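What follows is a single structure, written as structure tokens, with notes after it.
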Amino acid sequence: MNLKIIIFLSCSVFIIFISRRSLLHPKSHGFPRFFAWEAMLALFLLNVDYWFLDKFGIRQMISWALLFLSLYLVAESIILIIAGKPKHTRNDEVLMGFEKTTRLVTRRIYKYIRHPMYASLLCLTWGAFLKNIDLISASLTLFASILLVFCALREEQENLAFFGEEYRKYMKVSKRFIPFLI
């Protein structure tokens, strides 16, 4: 069996394990996230052989910029989400432990965008896509991007239900993915 298929299947088992609760709740934000992660994994494995070709080409430079931006966004998000006081006592079985925030985080990167983790995944997806542009990569990228937007929209509904008016006000002063734009 091809090594990439073995890696895909092994990583998929892990993704299924951490998504197991969300997969039983199709209306949760974690349900489309699972499929986005699977598409991103396939995209990564499809394009991994191209990551270091044409090292200083413009497309590669843009790709690396997106990949490093992705790292920054996820690191910043994780640091700040801890400030949201995640508690396992929050009664929402679908959420992962770190997602069970009990306080709305609205500072630093969260001051400008509501979904820096999804923005990170979008940067990661598009960065991986730019490594080798072809029809399959484009399809996986589009599929993952659409699913990540659905994740964010669903998560906003979940946050409105939990945080109420405080989150509604926050939505008016922040953007979804890109500061000052989207």
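The values are calculated or read from the model by the stated rules, or taken from the named source; none is laboratory data. Since the structure is predicted, the reported quantities are computational estimates derived from the model, not experimental observations. Cβ: placed from backbone, ideal geometry, glycine included. Neighbour counts: every protein chain shown.
Some points to look at:
- Boolean, residue 143 is part of a helix (DSSP H, G or I) and at pLDDT below 95: no
- The residues of the range 93-132 that are within 19 Å of residue 159 (Cα to Cα) and assigned to a helix (DSSP H, G or I), listed by number, are 97, 98, 99, 109, 110, 111, 112, 116, 117, 118, 119.
- Any hit, the range 30-38, residues being in contact with an Asp or Glu (Cβ under 7 Å, 6 or more places away or on another chain) and in contact (Cβ under 8 Å) with a residue 12 or more places away in the chain: no
- Between 139, 120, 145, the distinction of being surrounded by 20 or more Cβ atoms within 10 Å (Cβ to Cβ) and under 25 Å from residue 19 (Cα atoms) belongs to 120 only.
- Picking from residues in the range 39-73 that are of a type in the set (Ser, Thr, Tyr), buried (at least 17 other Cβ atoms within 10 Å of the Cβ) and farther than 14 Å from residue 136 by Cβ, the one that is nearest to the chain's Cα centre (by Cα) is 70.
- Candidates 78, 18, 5 - the one that is surrounded by fewer than 19 Cβ atoms within 10 Å (Cβ to Cβ), over 20 Å from the mean Cα position of the chain (by Cα), in a helix (DSSP H, G or I) and of a type in the set (Val, Ile, Thr): 5
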